[in-house]
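K.L.:
My structure is below; once you've seen it, I'll send some questions.
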Amino acid sequence: MGIRLLSCFAAALLLTLNASAADLASQRAAFKKAYAAIETGELSLASGKLDSLIHYPLYPYLRYAYLDRYLDIVPPQAVANFLVDYPGLPIDAQLRYRWLRSLAQNASWGAFLHYDDGSSATALVCARVSAALLGPDATKLTPAQRKDVVAKAKRLWLSGSSQPKECNPAFDWLAAQGLLTQDMIRARFDKALRAQHLDLAAYLANKLDDAARQRVARWQQMASDPGPALANVDLDDNSWTRRLLTFGLQRLAHQNPIAAKADWQTLKQRFDFDAADRGAIERAIALWEARQHLPNAYQDLAALPGRHILVKQWRIRTALWHGWWHTVLKGIYDLPVRQRHSRQWQYWRARALAETNHKQQADDIYGRIAQYAGYYGFLAADRIGLPYAISPQPGEPDHQRMHKLAQRPGIVRAHELFAVGMLNFADDEWAAATDNLSTTDRCQAGLLAAHWNWHSAAIRTLARGGCWDDIKLRYPLAYRNAVRTRANALGLDPAWLYGLMRSESLFAANAVSYAGALGLMQLMPSTGRTVASRLGIDIDDDDMLLDPKLNITLGSAYLGRVRAHFGDNPCLATAAYNAGPGNVREWLPIAGPMAADVWVANIPFGQTRTYVRRVMAQTVVFDWRIDGQPERLSARMGKILPLANTPAAALISTATPVGE
């Protein structure tokens, strides 16, 4: 880092640390206006503020915003200068990647090769090969170099997945040279089908023959509606047919394991499936029988080879569902040693021992598990009447160390980005700034983030530092007024709201899931709009759901609704919040009431099963934080009633989950 840049940072730090609150507020306001003006292209509004912000820690982000908006037209040297002036910023990698892709997409091959940094990202590998074949030095390649580049282009082509558009120039070059032969196209077509990338396979089939197009059509039919496709199989027995049937039977097993089992009885007589395919099909059928609690599930699981861990686990879960406690013990002994001794399976071992008149052994195990503050620790404590092992040990702030951390450029920028509401950038800066800290410094950085009420950063940093015992910082009573107001209005337990919110977002208001769920309570936009409409609230833009107060209002309203439909049972409502009410209705027991811990263990979706356990455990901790004497988890979870005995029997609602 050059002297000029060090001086700039020093000035910025002095400004940040020594400026009055009014001056800093003014700087932040000016920055937000300038950044917004650049994003909307109103450069005249931004230019008047730039001089006053040149020493503000976030000034690089104004330059970044300009370059990012005009990436296709700014001179390459402007981006290169930025990367030299601000080395190591988290935005550098993002900008460089988009910039190099922009150069490639504009066929600026000379500039691309000049600034190429050798990244292994597929898009840039494609661009590098395209540039070598089409760039200014293409005619200077030696025969050996040309052969090497052509081989790389062919390897990129022979992928079973769609490739980035930066590959297209290289592929077009191969085609123009007559190097994309029918054999090359067919090889990629076969790979696409094996990978079940049917759109790519269909595209390639159009370059082949009717037989390829018919093959894709069969795979598409099998993917969309496997039942009829499996009922009318008029194909020869070959490897492709067996692969297609294996694919279809696994899909049908998920939808209707009884139908899949019937079709399998017929098809395995007609086609010579190998051992691997037979195992995959029978395992899929048996596992989905177990997840749907069908009568022959355990028998079919028991008939499978015991090597597969999911098979072993679902044998135990199925035995739990039916109350076969001796079988539960047998199944646990069959688990790998490490899993067998986990708190989860030791808890179920204790439950089975207690149910088979081995109370002392069971109590000994419960006592060991109860030493831990968590789902199984709380349930074990309930079984033998022990207090919960929640022992807060507040982190000891080292003010001198915290002050030094607060002066680090990356942490200064992270804090300012958090203060101006640019939370995604703030998260990236914070992660980079704390990545290589010592354990001691990381714990102090967590305390620093908590001091700024940056709860998600504090929780993550304390966890990464192994600073597990500061309960108040790891379980903050964030957005307290909004939570209290909504809990009181809806008759919800605020501890439950907190437990769910922490599980969904770690209190990050900007959280966006891979599925598109938004905000603190991870609302899907469609759900947010539906709930808002019922409350008379207009949602003009999905980004409104990122507003903490509105998100809590809508998320708590939805949670209250599903709770009412599931007999006020928080386990069922929590599961419905995650996986959708329709799914939870299908998971309810058919006969009499069921112990909630057994029901949770049998939730078919692993992600939802983990989610419910986490929310329930975190609710206990937040209850302790609010009241000091948390309700016992077993009492909170209650019993799970059959479908006919719950209001859920009349619930008409989408099965789409609220959260991810």
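The values are calculated or read from the model by the stated rules, or taken from the named source; none is laboratory data. Owing to the predicted nature of the structure, the values given are computational and were not obtained by experimental measurement. Positions of Cβ are backbone-derived with ideal geometry, glycine not excepted, and every protein chain shown enters the neighbour counts. Accessible surface areas use protein heavy atoms only, side chains included; no ligands, DNA or RNA. Shrake-Rupley method; radii C 1.70, N 1.55, O 1.52, S 1.80 Å.
K.L.:
Could you give the length gained by full extension between Ala231 and Asp172, i.e. 0.36 nm per residue of separation minus their alpha carbon distance, to one decimal place?
P.N.:
17.0 nm
K.L.:
A further question on this structure: For segment 143-154, in order, what is each residue's ³J(HN,Hα) by Karplus, 6.51 cos²θ - 1.76 cosθ + 1.60 with θ = phi - 60°, in whole Hz (x at glycine and Pro)?
P.N.:
x, 5, 5, 4, 4, 5, 5, 4, 4, 5, 4, 5
K.L.:
Based on the mean of other beta carbon atoms within 10 Å per residue, what is the order of 190-199, 595-604, most packed first? Numbers along the way, then the final one.
P.N.:
Numbers: 190-199: 16.8, 595-604: 20.6.
Result, highest mean first: 595-604, 190-199.
K.L.:
Further question: In square angstrom, what is the accessible area per residue of segment 356-401 with a 1.4 angstrom probe?
P.N.:
On the way: 2730 Å² over 46 residues.
Heavy-atom accessible area per residue stands at 59 Å².
K.L.:
Compare the Cα positions of Ala487, Ile316, Tyr64 along the charge dipole of the chain (+1 at Cβ of Lys, Arg; -1 at Cβ of Asp, Glu; about the Cα centre) and return the one farthest towards the positive end.
P.N.:
Sorting the options by dipole projection puts first Ile316.
K.L.:
Which three numbers, in whole Å and largest first, are the semi-axes of the equivalent ellipsoid of segment 456-533 derived from its Cα gyration tensor as √(5λ)? Don't jump to the answer; show the numbers that get you there.
P.N.:
Values: eigenvalues 117, 62, 13 Å².
Largest first, segment 456-533 gives 24, 18, 8 Å.
K.L.:
Ranked highest first by average number of other Cβ atoms within 10 Å, how do 506-519, 411-424, 533-546, 217-230 line up?
P.N.:
On the way: 506-519: 18.6, 411-424: 20.2, 533-546: 13.3, 217-230: 16.9.
Per-residue Cβ counts within 10 Å, averaged per peptide and sorted highest first, yield 411-424, 506-519, 217-230, 533-546.
K.L.:
Near Leu204, within a Cβ-to-Cβ distance under 13 Å, what is the net charge of the other residues, with Lys and Arg +1 and Asp and Glu -1? Could you put the intermediate results ahead of the total?
P.N.:
Values: positive: Arg186, Arg188, Lys191, Arg194, Lys207, Arg213, Arg215; negative: Asp183, Asp190, Asp199, Asp209.
Net charge around Leu204: +3.
K.L.:
Please compute the Cα-Cα pair-distance distribution of segment 554-644 with 5 Å bins starting at 0, giving whole percents from short to long.
P.N.:
3, 14, 25, 26, 19, 9, 3, 0
K.L.:
Would you mind working out the magnitude of the charge dipole of the chain relative to its Cα centre, with +1 at each Lys and Arg C-beta and -1 at each Asp and Glu C-beta, to the nearest 20 Debye?
P.N.:
Values: 74 positive and 60 negative charges, 259 e Å.
In debye, rounded to 20, the chain gives about 1240.
K.L.:
Additional query: Quick check: residue separation of Asn81 and His341 times 0.36 nm, minus the Cα distance between them. What number comes out in nm?
P.N.:
Details: separation 260, 0.36 × 260 = 93.60 nm, distance 5.65 nm.
Value of the extension gain: 88.0 nm.
K.L.:
Helix-derived [θ] at 222 nm for the chain: sum -39500 (n - 2.57) over DSSP H runs of at least 4, divide by residue count, nearest 500? Could you put the intermediate results ahead of the total?
P.N.:
Numbers: 39 runs with 443 residues, N = 660.
Value at 222 nm, helices only, nearest 500: -20500 deg cm²/dmol.
K.L.:
Using the beta-carbon distance between Asp547 and Lys404 and R0 = 25 Å, what value does 1/(1 + (r/R0)^6) give for FRET efficiency, to the nearest 0.05? Kindly include the intermediate steps, with their values, before the conclusion.
P.N.:
Details: r = 35 Å, r/R0 = 1.41.
About 0.10, to the nearest 0.05.
K.L.:
Return the lysines within reach of Lys49: Cα separation strictly under 23 angstrom, same-chain partners fewer than 8 residues apart disregarded; answer none if there are no such residues.
P.N.:
Lys32, Lys33
K.L.:
Given a 1.4 Å probe, how much area per residue of segment 545-639 is accessible, in Å²? Mind showing how you got there, number by number?
P.N.:
On the way: 2990 Å² over 95 residues.
With the other protein chains kept in place, segment 545-639 gives 31 Å² per residue.
K.L.:
Also, quick follow-up: Quick query: amide H of Leu523 versus all other amide H atoms, modeled in the peptide plane; which residues come in under 5 Å with a sequence gap of 5 or more or a different chain?
P.N.:
Leu518
K.L.:
Turning to a different aspect of this structure: Within straight cross-link reach of Lys472, meaning Cα distance under 25 Å, which lysines are found once same-chain residues fewer than 8 apart are removed?
P.N.:
Hits, sequence-local ones excluded: Lys404, Lys549.
K.L.:
Give me the percent of accessible area attributable to carbon and sulfur for segment 142-252, probe 1.4 angstrom. Don't jump to the answer; show the numbers that get you there.
P.N.:
Working: 2660 of 5790 Å².
Whole-percent figure for carbon plus sulfur exposure: 46.
K.L.:
Could you give me the radius of gyration and the Dmax of segment 44-189, taking only the C-alpha atoms into account and expressing both in angstrom?
P.N.:
Cα radius of gyration and Dmax of segment 44-189 are 18.8, 64 Å respectively.
K.L.:
Write down the Kirkwood hydrodynamic radius of segment 287-353, to one decimal in angstroms, obtained as one divided by the mean of 1/r over all alpha carbon pairs. Show your work: numbers first, answer last.
P.N.:
Working: mean 1/r = 0.0848 Å⁻¹.
So the Kirkwood estimate lands at 11.8 Å.
K.L.:
Run down the lysines and flag those whose C-alpha is under 18 Å from the C-alpha of Lys152, throwing out any fewer than 8 positions away in its chain.
P.N.:
Lys140, Lys165, Lys191
K.L.:
Based on Cβ point charges of +1 for Lys and Arg and -1 for Asp and Glu, what charge dipole magnitude is obtained for segment 386-435 about its Cα centre, in debye rounded to the nearest 20? Don't jump to the answer; show the numbers that get you there.
P.N.:
Numbers: 4 positive and 7 negative charges, 34 e Å.
For this selection, approximately 160 debye.
K.L.:
What would the Debye equation give as log₁₀ I(q)/I(0) for segment 200-292 at q = 0.12, 0.19, 0.24 Å⁻¹, counting only Cα atoms as equal point scatterers?
P.N.:
Treating every Cα as an identical point scatterer, log10 I(q)/I(0) equals -0.37, -0.85, -1.21.
K.L.:
To the nearest µm²/s, what D does Stokes-Einstein give for segment 170-253 at 25 °C and 0.890 mPa s, using the Kirkwood radius over alpha carbon pairs as Rh? Show your work: numbers first, answer last.
P.N.:
Numbers: Rh = 13.7 Å.
Using the Kirkwood radius from Cα pairs, D works out to 180 µm²/s.
K.L.:
Relative contact order for the chain: what is it in percent, counting Cα pairs under 8 Å that are at least 6 residues apart?
P.N.:
Averaging sequence separation for qualifying contacts and normalising by length gives 8 percent for the chain.
K.L.:
Compute the separation of the alpha-carbon centres of segment 116-141 and segment 165-229 and state it in Å as a whole number.
P.N.:
26
K.L.:
For an R0 of 41 angstrom, estimate the FRET efficiency from the Cβ-Cβ distance between Ser533 and Asp210 and round to the nearest 0.05.
P.N.:
Working: r = 50 Å, r/R0 = 1.23.
In this case the efficiency is close to 0.25.
K.L.:
If you put +1 on each Lys and Arg Cβ and -1 on each Asp and Glu Cβ, how big is the dipole of segment 149-212 around its Cα centre, in Debye rounded to 20?
P.N.:
Working: 9 positive and 7 negative charges, 58 e Å.
For segment 149-212, the charge dipole is close to 280 debye.
K.L.:
I need the P(r) histogram for segment 202-242: all alpha carbon pairs, bin width 5 Å from 0 out to the longest distance, whole percents.
P.N.:
Calculated over all Cα pairs of segment 202-242, the distribution is 5, 23, 27, 25, 15, 4, 0 percent.
K.L.:
Apply 1/(1 + (r/R0)^6) to the Cβ-Cβ distance of Arg278 and Ala151, taking R0 = 45 Å, and write down the FRET efficiency to the nearest 0.05.
P.N.:
Details: r = 39 Å, r/R0 = 0.86.
That gives a FRET efficiency of 0.70.
K.L.:
Once each part is reduced to its C-alpha centroid, what is the distance from segment 232-258 to segment 283-334 in angstrom?
P.N.:
Value for the Cα centre distance between the two parts: 24 Å.
K.L.:
Let me ask something else about it. State the Cα centre-to-centre distance between segment 369-400 and segment 556-607 in whole Å.
P.N.:
26
K.L.:
Among Thr610, Val412, Gln361, whose Cα lies farthest out toward the positive end of the dipole of the chain, if unit charges sit on the beta carbon of Lys, Arg (+1) and Asp, Glu (-1)?
P.N.:
Gln361
K.L.:
Per residue, how big is the convex hull around the C-alpha atoms of the chain? Give it to me in cubic angstrom, could you? Each step should come with its number before you reach the end.
P.N.:
Numbers: hull volume 138.7 nm³, N = 660.
So the per-residue hull volume is 210 Å³.
K.L.:
Right, next: Putting +1 on Lys and Arg Cβ atoms and -1 on Asp and Glu Cβ atoms, find which of Ala276, Ile332, Ser342 reaches farthest to the positive end of the dipole of segment 240-343.
P.N.:
Value: Ser342.
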